[in-house]
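What follows is one structure encoded as C-alpha cells, with my remarks underneath.
The values are calculated or read from the model by the stated rules, or taken from the named source; none is laboratory data. The structure displayed is predicted, hence computed values, not measured ones. Glycine gets a Cβ as well: all are built from the backbone with ideal geometry, and neighbour counts include every protein chain shown.
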Amino acid sequence: MLVLFYTMVASLGYYTVYNNIYYDVFGYQSALGLRFEPYFYTLTTYVILFWPLKNIELDDRNIDIVFSKRMSSFVKIWSIYFTLYTTLKLIEAVASISMGLGDAYDARHNDGQALFVYNNYFLEKFNGYGVFILNATVPFIMSYVFIAVYRKRMSYSYASFLILLCFFPSILSGIALGSRGDLFMTAFCFLFFILLFWRFIPKSFLSKIYLYSGTFVSLTIFYSWIITSDRVGKGSEGLNSILRYFGEPFPNLGFSFWDKVKYHPMGKRLFPNFLMENEHKLYKSADDFYQYWAFKTDVPVSNFKTYFGDLYIEFGVLYAFLFVIGCSLLVRKYFKVNKVNVFNLSFLYYYYQLCIFAFAGFTKGGQSAFLQLNIVIIIIFLLKFLAKDRRYTEVG
C-alpha cells in the first residue's frame, strides 16, 4: 500500500512539472538542472523507513483477554469521553464552516490565532489532550471492535458506533482547521486497520465497512474541495492545487532544497524541546516558525520536501542517514522482541503515521509529537495492567 501511494506521489511530481502546474506556483526552473543524488538518497531512506513494517502480522494468541471486565469498563469510559469530544469537534467544524474554511486556515496558519479559545480550564485540557489520547487509543479500540465482531461478542450497531468515534473527530477537526492533509490522512489511517484486521472481518460486516469507506472517501473529497475552493479558487485552479499538494515534494527536493541549505540546525528545528536553546519560543504561529527557519537555513522550510529532504535540512546527508537507520533499527528490534499485539499496536500505528506522512517530510518532531509518543507509551502500560483481570464479560 505504501509503495503504491509513493509511486502515485512521484508520478504526480512528474505530471505537475511536465504540465506546468508546478511552475505556475513555484516559477519555472529547468528540469535539466535536477541532480540524481537527492532522489537516490530519498528512495534509499524510504526503503529503510518502510523496512520495519515488512512482514508485520498481528499476534492473535490469547486475544480473548480483551474481553475482561476491566477492558469493558475502559471501552465504556472511552466511548463517553469521545462522544463528548466528537460533539465539541462538531461545534468547532460548524463554527469554521460559518467563518469560511479558507479564512479559518489563514487565521490559524498565517496569523497565529487560536481559532477556538476555551476559558474553562478543564474544557481546555479536555480538548487539548483529546487528539493525543485518540491517536494512542484508536488502535486498541479498532482491535477490540474487529475481534469482538469476529467472536460474535459485539453487535454490529455498537461496533459501528465505536468505529465512528475513532475517526469522525479527526474528520471534524480537519474541517474545523481547514486542513486538507488531515482529511486525506484520516482516510489512510482507516485503511491501515482494514488491511491489518481483514481476516477478522466477517463477510456479513463487510457491507458496513464498504459503507464507512465510501463515506470517508466522499467526506474527504467533498470537504477537501470546499477547503481548496475557499483557499485557492474553484474549477481547474482547485483541481491543480490538489494535484500539486501531492506532487510537489519530489520537485521541491531537487529545485529548492538540494545543495542550497546554508545552515543545518542539528535538531534545533525538529526537536527543540530536547535542547537547552529553546528557539521555538521566538515564534507564536506556524508562519513565524517557517519564516524564522527559512531565514536561518536559506530554504523554504514550509514547502513539502520528502522525508529525506526534511532530515537533510536538519542534519545534512550523513547524519540524516544515521538518523533514519537508527530509528528503523530500533523499531525493527522492538517488534522482533515484542510481537505486534492489541496492546502495543498503538506504537506501530504511531510509526505508520510517520511513514504515510513522510511524503511531505518528517512529521514526528516537536513537542506535540513527543507528547503523543509519551501518551502512546502510557496507554500501552495501562492496557497491559487492565489485561491482568481475567474476569470476562459480554461486550454489547
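From the list LEU371, LEU382, LEU318, the one residue that fits, being more than 18 Å from the chain's Cα centre (by Cα) and within 22 Å of LEU270 (Cα to Cα), is LEU318.
Within the stretch 222-240, one or more residues are among the small types (Gly, Ala, Ser) and either within 22 Å of SER346 (Cβ to Cβ) or crowded, with 18+ Cβ neighbours inside 10 Å (or both).
The set of residues in the stretch 129-159 being closer than 18 Å to ARG70 by Cα and free of Cβ contacts under 8 Å to residues at least 24 places away in the same chain consists of VAL145 alone. Return a yes/no flag: does the stretch 240-260 have any residue that is farther than 30 Å from ILE147 by Cβ, free of Cβ contacts under 8 Å to residues at least 40 places away in the same chain, part of a helix (DSSP H, G or I) and more than 19 Å from the chain's Cα centre (by Cα). Looking for residues that are farther than 30 Å from ILE147 by Cβ, free of Cβ contacts under 8 Å to residues at least 40 places away in the same chain, part of a helix (DSSP H, G or I) and more than 19 Å from the chain's Cα centre (by Cα), one finds at least one in the stretch 240-260, hence yes. Candidates are the residues of the stretch 350-386 that are among the aliphatic types (A, V, I, L, M) and not in a helix (DSSP H, G or I); the one that is farthest from SER302 (Cα to Cα) is ALA358.
Looking across PHE308, PHE321, PHE347, PHE335, one residue alone is part of a helix (DSSP H, G or I) and either without any contact (Cβ under 8 Å) to a residue 40 or more places away in the chain or touching a His at 6+ places or on another chain (Cβ under 9 Å) (or both). It is PHE347.
Does ALA176 meet the test of being in contact with a Leu (Cβ under 9 Å, 6 or more places away or on another chain) and not basic (Lys, Arg)? Here the answer is yes, as ALA176 does meet what is asked.
Given the residues TYR105, TYR129, TYR121, which is the only one that is of a type outside the set (A, V, I, L, M, F, W, C), within 21 Å of the chain's Cα centre (by Cα) and either over 17 Å from LEU172 (Cα atoms) or modelled with pLDDT of 85 or more (or both)?
The match here is TYR129.
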